[in-house]
Amino acid sequence: MIVFEDELKKFHPSMEIEGVEAAVQSHDMTDMTDIFMTMMREKADAEIQARAQGQAQAQAQMEQIMYNTLP
Amino acid sequence: MNCYQCGSRLSSEDFCTNCGADVGLYKKILAMSNYCYNDGLARANVRDLSGAVVSLKQSLKYNKRNIEARNLLGLVYFEMGEAVLAMSEWIISKNFEPSKNIADEYLDILHSSPTKLDNIDQTLKKYNQALQFCYQDSKDLAIIQLKKVLSINRNLISGYQLLGLLYICTGDYDNAKRTLFKALSVDASNTTTLGYIKEVNRLIREQEEKTGKKVSTLPMETISYQNGNEVIIQPVYAKEKVGFSSIINIIIGLLVGVAICWFLIMPARMAGITQVNDEKFKEVSEQLAAEQASRQEIEKTLSDRQNQMDELQRKYDDITGASGRKTEHDYLMDAAIAYVNDPTDSVAIMENMDHISEEFLDSTTDSFRELYAALKSDAATLAADEYIENAKSAVKANDYNVAIEEYTKAWLLDKSNSDVLMNLAHCYRQSGDTKKADELYKQVIDTFPGTQNAVDAADYITEEQD
């Protein structure tokens, strides 16, 4: 059963020529590659951070060992 | 396909051979984008435009730099009557790939024809206006506006769908189906259009069940087939019944045609012909009037010439005597002949001379005047005496009319004789014309004052007055 008012809500005003610029500017250009790149960047950052933390821990452990072994 | 990190060309491996980046997932994303593009292309090929839009949008969601997909999406939008969306896609495409991009050609085609672009813009504005009419529940106005829109932009799917919806709501199911079938001929698998057609069919069936009559002349289901890239949907219109109704329709058509000819075309043609005829008539009338004037002038000239000729002929006849009319010269000659024959026949002489007028004497020759004067001096006295004798004889015979006539002639010949005038007055008195007699008595008194006749005349007048 069609309800005119409900169906009418599905129709939207068509974009006019003057609105092309605005449409291009407001176009959501984010795609899967962008998301992928972001993910890769975040992953790389996390790895760098983890590596730095590991190095710091290793440095600390080394210092502890050196301290214990010294007379 | 290039590495997203270093930009070098990728091999078949899942990592970049140049920088070692993991490109396995990246490759899958691009492959998915291409897959969706292929799907969209296949759908566009069978005129499943709305399906193609979905697939191509999906493709672009995977990879926004898929130029082919974006260009095709613009083309599909343009085919659906959404020129502005198409332009925006082509502009973005051109932005990503400035050189060797077919979107450039599409945009050039649009920009090279400002009229076409303006028409597209006008139709979109009218469509939006129609939509406003729908919001304001002015369905009739919306239908009129949408018809205008679709007469210019014949591929605007949303226009067909909205018009179909309006027809459904106004109960005009036949027109609704026709409109929706047109929408299907542009976009063969549009779910909204198909849903509306299904709803229309349901409504028609319901109405037919209620009324028991056939409501729609159109088929309940569409028959569509593929012809190259075109999807042909038929039959949109049911075949009309041939027979008596057709004949009636033809007759009505003929009558309408004749009426249009009679009331619209014929008056204009008649007015045109009448105007031409009027101009011709006016021209001919002017020529005729000019001819008549010329003819009258010629006739008048001819008549004058004829009169002049007649006058000259008459004068010629008078001179030559061919007319039988006597001239003054003839009378003078007759008078001279009478005088030569009998000098005492003064009456005959004077009778001839009486015909010569004073005016003629003034204008004639001296010799004529001398002869006239000589004859008159000799004959006048004798003639006057003879007239007097005749008058006296008439008085004796109581014939006063003759006496008056004779005395008058005598008086005209000799106006110095008061007796003649007195006797003439007596004759008038005797004949009963006392008024004329009194006039003559007075003339005697005035002309011959102091004479016995004047005294007597005064007595006669007095007696009459007494």
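What the table below lists for this structure:
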| read-out | value |
| --- | --- |
| Likely footprinting exposure, B:K147, B:K214, fewest C-beta neighbours within 10 Å first | B:K214, B:K147 |
| Entries in B:K27/B:K64; B:K139/B:K210; B:K177/B:K210; A:K10/B:K64; B:K126/B:K177; B:K28/B:K61 that, when Cα-Cα distance is taken, lie over 18 Å | B:K139/B:K210; B:K177/B:K210; A:K10/B:K64; B:K126/B:K177 |
| Likely footprinting exposure, B:T179, B:T191, fewest C-beta neighbours within 10 Å first | B:T191, B:T179 |
| J(HN,Hα) series, segment A:52-61, from Karplus relation 6.51 cos²θ - 1.76 cosθ + 1.60, nearest Hz, glycine and proline x | 5, 5, x, 5, 5, 5, 5, 4, 5, 5 |
| For segment B:24-112, the fraction of alpha-carbon pairs in successive 5 Å shells from zero, as % | 3, 17, 25, 23, 19, 8, 3, 1, 0 |
| Amide hydrogen neighbours beyond the local backbone of B:F15, cut-off 5 Å, H modeled | B:V23 |
| Counting all C-alpha pairs of chain B, share separated by more than 29 Å (%) | 76 |
| Using θ = phi - 60° and Karplus 6.51 cos²θ - 1.76 cosθ + 1.60, couplings along segment B:192-198 (whole Hz; Gly, Pro as x) | 5, 4, 5, x, 5, 5, 4 |
| Computed E for B:M333/B:Q292 - FRET, C-beta separation, R0 45 angstrom, nearest 0.05 | 0.30 |
| Among B:N119, B:Q132, B:A83 - extreme Cα towards positive end, dipole of segment B:65-168, charges at beta-carbon | B:Q132 |
| Convex hull volume of segment B:240-304 per residue (C-alpha atoms, cubic angstrom) | 88 |
| Computed log₁₀ I(q)/I(0) - Debye formula, equal Cα scatterers, no solvent, the protein assembly as shown, q 0.06, 0.07, 0.10, 0.12 Å⁻¹ | -0.62, -0.75, -1.00, -1.22 |
| FRET efficiency for B:N249 and B:E105, using Cβ-Cβ distance with R0 set to 35 Å, rounded to 0.05 | 0.10 |
| Value of [θ]222 nm, deg cm²/dmol, for chain B, DSSP H segments ≥ 4, -39500 (n - 2.57) each, nearest 500 | -25000 deg cm²/dmol |
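Where a number appears in this text, it was derived from the coordinates with a stated rule and is not lab data. From a predicted model like this one, the values you see are computed outputs, not experimental measurements. Methodologically, a virtual Cβ is constructed for each residue, glycine included, from the backbone with ideal geometry; neighbour enumeration extends over all protein chains shown.
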